[in-house]
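Coordinate-derived values only; no laboratory data. In this text the structure is predicted, and so the values were computed from the model without any measurement. Here the Cβ is made from the backbone with ideal geometry for all residues, glycine too, and neighbour counts use every protein chain on show.
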Amino acid sequence: MAEAISLMKGNDAIAHAAIRYGVDGYFGYPITPQSEVIEVLMEAAPWKTTGMVVLQAESEVSAINMVYGGAACGKYVMTSSSSPGISLKQEGISYMAGAELPCLIVNVQRGGPGLGTIQPSQADYFQTVKGGGHGDYKLITLAPNSVQEMADFVALGFDLAFKYRNPAMILTDGVIGQMMEKVKLPEYRRRRTEGEIREQCPWATLGKTADRGPNIITSLELGSAEMEENNKRFQAKYRVIEEKEVRYEEIQCDDAEYLLVAFGSAARICLKTIQLAREEGIKVGMVRPITLWPFPTKLLHGYADKVKGMLTVELNAGQMVEDVRLAVNGKVPVEHYGRLGGIVPTPDEVLEALKKKMDIK
Amino acid sequence: MLQEIVISGFGGQGVLSMGKILAYSGMMEDKEVSWFPAYGPEQRGGTANVTVIISDEPISSPVLNQYDIAIVLNQPSLDKFEGRVKPGGILIYDGYGIRRKVKRGDINVYRVNAMDESTKMDNARVFNMIVLGGLLKIVPMVSLENVMKGLKESLPERHHGLLPMNEKAILRGMEIIEQEQKAKVTPA
């Protein structure tokens, strides 16, 4: 039977998609604007149906460490929070990257710094793609721009995380988390059996069997020569991900003289800006990075010869703009437009900024 | 078809749920819909608002600064959104909460006295459904049948007993607009 179309919030879609993917455990702590994730999971009570654990931890720090424990056993485990809570999780995220543990983390961003506001923001871009926690590590980062992608990226996030034994993050914000749209949820998959997990994750600490030595999951390595080897292995893995897993969308780029570069909710706003601009005869297109790391560097480099200028539109003071500038390496002007602290720009505001910053008469 | 709508009023007036029912109704008609609330602390007594878009085409930005239709249910909402109705667009207000006249001359203005009417119906909670009825009489963007389906979909099952009362309120809202329109065309 074809799955029905539902109307729901982005946060709700994450929760339903997690149950349907066959996730083994969710560990979280409520914070606006993402509390619907745990709310919907608690109401759906999947422990009665699929056996999925849903647990409200005593803090964000506990939640991420519960995720570490579950992931060490090869389980599909996840957590979600919003900016201040994600800051608390950074130690755990760095440890998981160091221990090469796959998991899914959802950040429904709000305006910072500090406790900030509860309104939408994209100011955690740097935190997510440049580190956040300590050490040389990378997070596979997916940026959904619709409720449908919120649902779809749960599966994509887990698939990539397990393919590369690396934490993955869905980086979204209060707009996509709180808005309701139509969504087609994925089909139900049953949770994996322990045998299937042992087969898929031979590294998992599920109990030693007679035919192998003990599995050890740790990020600690006191010998620096060995630690350098570990780091080289991580870096080699990151290069493969950068080569194979870049995802993006190109919108009306064929004849574009100017390029908008935006992700998530900002990209939705820019869709309307493109329409308004083209009504005025300004040829604008957009590149929407879907993976923020790995970043579509090569693609943007290719556009540097084709357009007169690029404008990144972000709900922050200018973060992704740095990656776009690195990609085009000075070949074409790259400007930034953003609103701060929870204010969401409107499509015509972006159009005004585009005209001003690109000097379009 | 593209309808870009903002509904704004005090928290507790049923602004967000009215938007939700509209969005559900649009979905019942196989339209594309989006519902984006101001989800801030204003829900607790300040002004709450929600942007609802109903369209034949995929929806681009869920965030807008100009609207085809603004439904304003208190004075701060009128102040905030009157200037943001597209020329030729529609502004619907409830007379109870509004202290000044609408200034714009280039938009169509309708009054639905839903607060008074819900008091007469002895049920303050159907206030938002009276407003919704008024809206649907002015712009029949979704059929009553699909509104009722949408209402059923958006209400938890334990509240389905309230459906007939809500339908009555929607019909009453439609009548109010009908009477207003008759009053307009018939010179006194």
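Some values worked out for this structure:
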quantity: Dipole magnitude (debye, nearest 20) for segment B:2-185, charges at Cβ of Lys, Arg, Asp, Glu; calculated: 680 debye
quantity: Relative packing of peptides A:32-38, A:69-75, A:322-328 - highest average C-beta neighbours within 10 Å first; calculated: A:32-38, A:69-75, A:322-328
quantity: Average partner coverage of A:338-351, which counts Cβ from other chains inside 10 Å; calculated: 2
quantity: Under 11 Å, Cβ to Cβ, from B:D94 - net charge with Lys/Arg +1 and Asp/Glu -1; calculated: -1
quantity: Inter-part distance where segment A:139-165 and segment A:94-128 are each reduced to a Cα centre, Å; calculated: 15 Å
quantity: Cα long-axis angle, helix A:147-164 against chain A (0 to 90 degrees, to the nearest 10); calculated: 50 degrees
quantity: FRET efficiency for A:E250 and B:K86, using Cβ-Cβ distance with R0 set to 41 Å, rounded to 0.05; calculated: 0.85
quantity: Shielding by other protein chains, A:273-279, mean Cβ within 10 Å; calculated: 1
quantity: FRET efficiency, A:V61 to A:L220 (Cβ-Cβ, R0 22 Å, nearest 0.05); calculated: 0.75
quantity: Paramagnetic reach from A:K184 in segment A:147-164 [backbone N under 13 Å; point 7 Å along Cα→Cβ]; calculated: A:148-149, A:152
quantity: GluC sites (Glu not before Pro) lying in DSSP loop within segment A:46-138, provided at most 15 other Cβ fall within 10 Å; calculated: A:E58
quantity: Extension gain (nm, one decimal) between A:E257 and A:E279, 0.36 nm per residue minus Cα-Cα; calculated: 6.5 nm
quantity: Rounded if a/c under 1.5, otherwise prolate or oblate - segment B:2-185, Cα gyration tensor axes; calculated: rounded
quantity: Ranked A:I274, B:I59, B:I53, criterion: other C-beta atoms within 10 Å, fewest first; calculated: B:I59, A:I274, B:I53
quantity: B:T119 paired with A:A236, simple spin-label distance in nm, labels 7 Å along Cα-to-beta-carbon; calculated: 7.9 nm
quantity: Ranked A:T346, A:T205, criterion: other C-beta atoms within 10 Å, fewest first; calculated: A:T205, A:T346
quantity: Percentage of interatomic Cα-Cα distances in the protein assembly as shown larger than 32 Å; calculated: 49 percent
quantity: Shielding of B:56-68 by partner chains, average beta-carbon count, 10 Å; calculated: 6
quantity: Burial ordering of A:Y137, A:Y26, fewest other beta-carbon atoms within 10 Å first; calculated: A:Y137, A:Y26
quantity: Given charges at beta-carbon only (K, R positive; D, E negative), |dipole| of the protein assembly as shown in Debye; calculated: 580 debye
quantity: Förster radius 51 Å - calculated FRET efficiency between A:K308 and A:W47 (Cβ-Cβ, nearest 0.05); calculated: 0.35
quantity: Charge dipole of the protein assembly as shown about the Cα centre (unit charges at C-beta), most positive-ward option of B:G173, A:I241, A:I105; calculated: B:G173
quantity: Across A:K182/A:K237; A:K9/B:K149; A:K298/B:K31; A:K306/B:K31; A:K75/B:K20; A:K182/A:K298, pairs whose alpha-carbon gap is larger than 30 Å; calculated: A:K182/A:K237; A:K298/B:K31; A:K306/B:K31; A:K75/B:K20; A:K182/A:K298
quantity: Between helix A:347-357 and chain A: long-axis angle, C-alpha atoms, 0 to 90°, nearest 10; calculated: 60 degrees
quantity: Mean-position separation - Cα centroids, segment A:72-87 and segment A:331-346, in angstrom; calculated: 29 Å
quantity: Whichever lysines have a C-alpha closer than 19 Å to that of B:K182, once near sequence neighbours (fewer than 8 apart) are set aside; calculated: B:K137
quantity: Separation of the A:I5 and A:A210 label points, Cα + 7 Å toward Cβ, nm; calculated: 5.8 nm
quantity: Centre separation in Å (Cα based) which lies between segment A:311-325 and segment B:71-112; calculated: 38 Å
